[in-house]
Amino acid sequence: VQLQASGGGLVQAGGSLRLSCAASGTIPTINVMAWYRQAPGKQRELVADINRGGSTNYADSVKGRFTISRDDAKNTVYLQMNSLKPEDTAVYYCYTRSFNNFAVWGKGTLVTVSS
């Protein structure tokens, strides 16, 4: 099982990016899909998650700016990031957890927001 993230890059403050993460391989039915991020010198933190029922949870720092969504037919999770700030600069990791608690981390994708 692999998670392949894409969509990171360099953007100016106030800009937008859309991250995608697709799961491939034989995967038990996925319950939770999430995005985490880790900035230099800081611990990895949850950005947003979404369960199979569509319920979402966001870090306070991104509420109103980021939107998480998923396409279960494609085993893909998205993160639409608007009004980006320099403090959003980090490596972003996708994560999935199946109903049987099988969890997978993706390799990160770097998001850099310039001021």
Check your understanding: Just wondering, is there one or more residues in segment 62-75 that are touching a residue at least 12 places away in the same chain (Cβ under 8 Å), touching a Phe, Trp or Tyr at 6+ places or on another chain (Cβ under 6 Å), among the small types (Gly, Ala, Ser) and open to solvent by 40 Å² or more (accessible area, probe 1.4 Å)?
Key -> yes
Review point. Across segment 15-58, which residue is nearest to Ser83 (Cα to Cα) among those that are open to solvent by less than 50 Å² (accessible area, probe 1.4 Å) and in contact with a Leu (Cβ under 6 Å, 6 or more places away or on another chain)?
Key: Gly15
Review point. In segment 2-28, what residues are of a type in the set (A, V, I, L, M, F, W, C), within 15 Å of Val77 (Cα to Cα) and in a loop (DSSP other than H, G, I, E, B)?
Key: Ile27
Practice item. Could you check, for segment 11-22, whether at least one of its residues is among the hydroxyl-bearing types (Ser, Thr, Tyr) and within 25 Å of Val1 (Cβ to Cβ)? Key: yes
Check your understanding: Residues in segment 31-49: is at least one in contact (Cβ under 8 Å) with a residue 12 or more places away in the chain, over 15 Å from Tyr93 (Cα atoms) and more than 12 Å from the chain's Cα centre (by Cα)?
Key -> yes
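Yes/no per residue for (1) open to solvent by less than 50 Å² (accessible area, probe 1.4 Å); (2) touching a Lys or Arg at 6+ places or on another chain (Cβ under 9 Å):
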position: Leu10; (1), (2): no, no
position: Phe99; (1), (2): no, yes
position: Val104; (1), (2): yes, yes
position: Leu110; (1), (2): no, no
Check your understanding: Within segment 80-115, how many residues are out of contact with any Pro (no Cβ under 9 Å at 6 or more places or on another chain), farther than 13 Å from Gly8 by Cα and small (Gly, Ala, Ser)?
Key -> 3
Practice item. Confirm whether Tyr95 is closer than 16 Å to Leu17 by Cα, of a type in the set (Ser, Thr, Tyr), buried (at least 17 other Cβ atoms within 10 Å of the Cβ) and touching a strand residue (DSSP E or B) at 6+ places or on another chain (Cβ under 6 Å). Key: no
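The values are calculated or read from the model by the stated rules, or taken from the named source; none is laboratory data. Because the structure is a prediction, the values reported are computed rather than measured. Backbone-built Cβ (ideal geometry, glycine too); neighbour counts: all protein chains shown. Only protein heavy atoms, including side chains, enter the accessible area calculation; ligands, DNA and RNA are left aside. Shrake-Rupley method; radii C 1.70, N 1.55, O 1.52, S 1.80 Å.
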